[in-house]
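Worksheet: the structure to be examined is printed underneath.
The values are calculated or read from the model by the stated rules, or taken from the named source; none is laboratory data. Values in this document were obtained by computation on a predicted structure and should not be read as measured data. Here the Cβ positions follow ideal geometry from the backbone for every residue, glycine too, while neighbour counts run over all protein chains shown. Areas reflect the complete protein model, heavy atoms only, side chains present, ligands, DNA and RNA absent. Shrake-Rupley method; radii C 1.70, N 1.55, O 1.52, S 1.80 Å.
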Amino acid sequence: MPESQPKILILFAHPSPNRSEINVPLFNASKTIANITCVDLYAEYPTYRIDIDKEQQRLREHDVVVFMFPLYWYSTPSLLKEWQDLVLEYGFAYGSEGNELVGKKFFCALTAGGPESSYRKDGFNHYTIRELLQPLEQMAELTGMDFLAPFALFGAGMANEENRIEQHIQNWKRVLIAIQDNKFNYEVASKLSKMNHSLELVIK
């Protein structure tokens, strides 16, 4: 019997989408692939009044959860943090009976303004991108989700001039299709520092 197709939920958060050169095209490219749920959180909740029941049901219905966002001060945009604070409730996402997310896969698709060389111990950001995402990795750990390496684009401010956006989008679509087709190696992806630098390893 063939394996069932994992259901992917993309939670997109960009407070200034009209200024986005990469995140919005990446989000729109996600919509072109069938059977992926794409949610624009700022469009859906412009006043931050998040429908907790609706968001929890979305989580129940999906196998792979993706946070898509531009890195803001080494973290997510504020609405995505608000979403975590409200939706990932005790008794739902954690606690003795909070097991709704156990076994799901979780990763971030993000852009960072600084060059990749700045995200290391001797760079001006001092930490790798995966190290900076440790609060989210711990969130995944506490809720029973499997944390995967981020799909990250560095030097985002120069990506358009350097003609790096289209290749990034094509690589992103490869990742989504590989997940849907059960051709994605989660074990390898969980150990990498960055996913999209090793697609030949994570896509079977």
Of the residues Val102, Pro46, Ile10, the Cα lying farthest along the dipole of the chain towards its positive end, which is defined by charges on the beta carbon of Lys, Arg, Asp and Glu, belongs to Ile10
Sorted largest first, the C-alpha extents of the chain along its principal axes in whole angstrom are 47, 45, 34
With all protein chains in place and a 1.4 Å probe, Thr128 shows an accessible area in Å² (nearest 10) of 50 Å²
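Rounded to the nearest 500 deg cm²/dmol, what is the calculated helix-only ellipticity per residue at 222 nm for the chain, with -39500 (n - 2.57) per DSSP H run of length n ≥ 4? Provide the component values of the computation, followed by the final result.
Details: 9 runs with 72 residues, N = 204.
The per-residue figure over the chain is -9500 deg cm²/dmol.
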Diffing region 190-202: the Karplus 3J(HN,Hα) column from phi (6.51, -1.76, 1.60, θ = phi - 60°), in whole Hz with x for Gly and Pro, holds 6, 9, 6, 7, 9, 6, 6, 8, 9, 4, 5, 8, 8
Sorting Asp40, Asp53, Asp63 on solvent-accessible surface, 1.4 Å probe, most exposed first, gives Asp53, Asp63, Asp40
For Glu162 the rounded accessible area (nearest 10 Å², probe 1.4 Å, non-protein molecules ignored) is 90 Å²
Quick calc, the chain, dipole around Cα centre from Cβ unit charges on Lys, Arg (+) and Asp, Glu (-), nearest 20 debye, gives 400 debye
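So which trypsin sites (Lys or Arg not before Pro) in region 19-58 are both in a DSSP loop and have at most 10 other Cβ atoms within 10 Å of their Cβ? Spell out each step's value before the answer.
Details: sites: Arg19, Lys31, Arg49, Lys54, Arg58; in loops: Arg49.
Qualifying residues, ordered by number: Arg49.
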For Lys104 the rounded accessible area (nearest 10 Å², probe 1.4 Å, non-protein molecules ignored) is 20 Å²
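Counting other Cβ atoms within 10 Å, which GluC sites (Glu not before Pro) in region 90-145 have at most 16 and lie in a DSSP loop? It would help to have the intermediate numbers written out before the result.
Values: sites: Glu97, Glu100, Glu116, Glu131, Glu137, Glu141; in loops: Glu97, Glu100.
Of the GluC sites (Glu not before Pro), the ones in loops of region 90-145 whose Cβ has at most 16 other Cβ atoms within 10 Å are Glu97.
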